[in-house]
1. Consider a paramagnetic label point 7 Å from the Cα of ASP76 along Cα→Cβ; state which residues of the range 34-57 have an amide N under 14 Å from it.
2. Quote the Stokes-Einstein diffusion coefficient, in whole µm² s⁻¹, for the range 93-249, based on the Kirkwood radius over alpha carbon pairs, a temperature of 20 °C and a viscosity of 1.002 mPa s.
3. Averaging over all projection directions, find the projected area of the Cα convex hull of the range 17-71 and quote it in nm² with one decimal place.
4. Neighbouring Cβ atoms within 10 Å as the yardstick, rank TRP220, TRP227 fewest first.
5. THR247 versus ALA61, label points 7 Å from Cα toward the beta carbon: distance in nm?
6. Tell me the net charge near ALA251. Cut-off is 12 Å between Cβ atoms, ALA251 excluded, with +1 for each Lys or Arg and -1 for each Asp or Glu.
7. Hey, if you drop one equal point scatterer on each alpha-carbon of the range 5-194 and run the Debye formula without solvent, what base-10 log of I(q)/I(0) do you get at q = 0.13, 0.16, 0.19 Å⁻¹?
8. What is the ratio of the Cα radius of gyration of the chain to 2.2 N^0.38 Å, where N is its residue count, to two decimals?
Amino acid sequence: MVSTPSRIAEELLRHRRILIVSHVDPDGDTIGSALGLAWALRSLGREVLMGCDDPVPEEAAALPGADEFSSSPPQDVDAIVAVDASDERRMGSLFRPSAERGGPLIVIDHHITNGGYGDLNLVMDTSATAEIVLLVVDALGVSLDATIARCLLTGVVTDTQGFRTASTTANSLAAAQRLMAAGADLVEISNQAFNRRSLSMLSLWGRALTAAEMRSGVLWAELPLAWLPQGNSDGQVGSGLANLLNTVREARVSALFTEQDDGLIDVSIRAKPGYDVSGVALAFGGGGHAGAAGCQVKGSLAGVREAVVDALTRLVNTQG
Ligand code: AMP
Ligand code: MN
Ligand code: MN
């Protein structure tokens, strides 16, 4: 069932001890949304715990509370909130089937591929989940402070790549305006999100770009495991390079294939406005948005690349 911000606020207020879960391979939106909601609930005297399977990325690492995320948070909670996770697998090991949950699972998300896996689902077509969390904070009756605003603006800025994606709307800007007026520093947040790349990562991108290929409007590049630094978490290398690929003029859609050490290939897909790649990601077991989607597929780098490039070529031929 699709819910409303006020229904979600009402449900949250019924519970005392709440776990907020960010998605695996987290980004600024899932972390910023979780923390924005956490600080709002704490201002109302609620006990809030933070959970995430993977480490917080650089773009969100300086946010107040970013060091609280645990991959094994306590399970004796009254309610669980998943933010920015389009399906239960995105909650990783922190997902519990309904029979094993003490309280409700509340899903707050903005992915068009979200099928509504929670007991309450607040799924809206916004540029970032943080935009929806702002509505929930309003419905909770919490007035914005600089901490909540900073967390939520980080979500909006990172998911819109600095208000440049096709998903950016007048509402995203209105939300950002309110968050800045409440004390969030846009320049600091943007610097944290976009201007902190390591030279070694750019060199890695250079290597991948040198070998990139394009056919019929489909551009792709690869990051074989042997090129990656040990302990690499995909999000930090992959998402930025995927966004960069999509800036190539002739590319209609682009894909980055990153070989993981668990036998899966991480696929980051991007599209120019007018194309919708979320269906291709969904077909390969992932999900996402029209312009940015992804999946993790079992197989060899060459095998997965061939299958996905094939699907994207068909998409360009039909949607173009
Ligand atoms: P990325 O390429 O990792 O930056 O992801 C682009 C978009 O696709 C983001 O909105 C992700 O949440 C989404 N996405 C990536 N992988 C998956 C997956 N396995 N399942 C669902 N959504 C995904
Ligand atoms: Mn996300
Ligand atoms: Mn998001």
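Values quoted throughout were computed directly from the atomic coordinates according to the rules given, and no laboratory measurement underlies them. No experiment lies behind these values; they were computed from the predicted model shown. Here Cβ is always computed from backbone atoms with ideal geometry, including for glycine, and neighbour counts include all displayed protein chains.
1. What the label zone holds, given the 14 Å backbone N cut-off, is no residue at all.
2. Translational D for this selection: 117 µm²/s.
3. Hull-based average projected area comes out at 3.2 nm².
4. Taking fewest neighbouring Cβ atoms as first place, the list is TRP227, TRP220.
5. 2.2 nm
6. Charge balance in the 12 Å sphere: +3.
7. -0.57, -0.89, -1.32
8. Relative to the 2.2 N^0.38 Å estimate, the chain comes out at 0.96.
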